[in-house]
Amino acid sequence: MSSEKNTQYNSADIIKKEARGLGDANLGEVQDVGADYIITQKGTVDKDKFYIPKNLVDSFDGHTVFF
């Protein structure tokens, strides 16, 4: 089994996927992928949006995008 991280992803494939940061921080769900940023949103009533530079993607396992 390879321990190599998958940093390759198709922008359409990560929409509506979970986003996690350092220390397993919940960054919500990916809403959009722009030219330079990935936009995530968390919360149902008080919604927090995060604009995360695309170069900070660490890996994508098919279900979760890790930053």
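The values are calculated or read from the model by the stated rules, or taken from the named source; none is laboratory data. Since the structure is predicted, the reported quantities are computational estimates derived from the model, not experimental observations. SASA here: full protein model, heavy atoms, side chains in, ligands and nucleic acids out. Shrake-Rupley method; radii C 1.70, N 1.55, O 1.52, S 1.80 Å.
General remarks:
- Overall shape of the chain was characterised from the C-alpha gyration tensor. The equivalent ellipsoid obtained from it has semi-axes of 20, 13, 10 Å, in decreasing order.
- Extended-chain gain in nm, criterion 0.36 nm per residue less alpha-carbon gap, residue 29 and residue 55: 7.6 nm
- Of the solvent-accessible surface of the chain, computed with a 1.4 Å probe and all protein chains present, 47% belongs to carbon and sulfur.
- Probe 1.4 Å, accessible area per residue of the chain, Å²: 70
- Pairs of Cα atoms nearer than 8 Å and 6+ residues apart set the relative contact order; for the chain it is 34 percent.
- Segment residue 17-residue 39, length gained on full extension (0.36 nm per residue, minus Cα span): 6.8 nm
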